[in-house]
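In what follows, a structure is listed as C-alpha cells, so that the remarks can point back to it.
The values are calculated or read from the model by the stated rules, or taken from the named source; none is laboratory data. Remember, it's a predicted structure, so these values are computed and weren't measured experimentally. All accessible areas refer to the heavy atoms of the entire protein, side chains included, with ligands and DNA or RNA removed. Shrake-Rupley method; radii C 1.70, N 1.55, O 1.52, S 1.80 Å.
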Amino acid sequence: MIELLEKSILTAVGAITLTQKKTEELLKEMREKLNISEEEGKAFLKKIQEAAAQNQEKLQEQAREEVKKACERMGVVTAEEFDKLKKKVALLERKLK
C-alpha cells in the first residue's frame, strides 16, 4: 500500500517542492489515514522532496535550453559572442591607428 501511494505521490508531485507547512500537513494526514509511524512518514516525505528537487533541476535545465534555442532562432548573440566581437573590433581599431 505504501509503495503504491509513494509512486502516486511521486508522480503527482512532479516539479513542485513542498513547503514546510504542507509537508507537516501531509505527514499528519499520512499518519492518520495509513497508520504509519512518524519516522516512516518523514522518510517517505524526504523521498518526495528529493524527487521534486531533482525534477525542478531538470525543468530549469530544459527551460535554459529552450531559451537558448529561441535566442538562436531570433539571432540574439550570446555574451560570449559579443565579447569576441568586441575584442575583434578593438584589434581592428588598433590596426587602423
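Observations
- If the condition is being assigned to a helix (DSSP H, G or I) and open to solvent by less than 80 Å² (accessible area, probe 1.4 Å), then the stretch 76-88 contributes Ala79, Asp83.
- Qualifying positions in the stretch 41-69 - of a type in the set (Val, Ile, Thr) and within 21 Å of Met30 (Cα to Cα): Ile48
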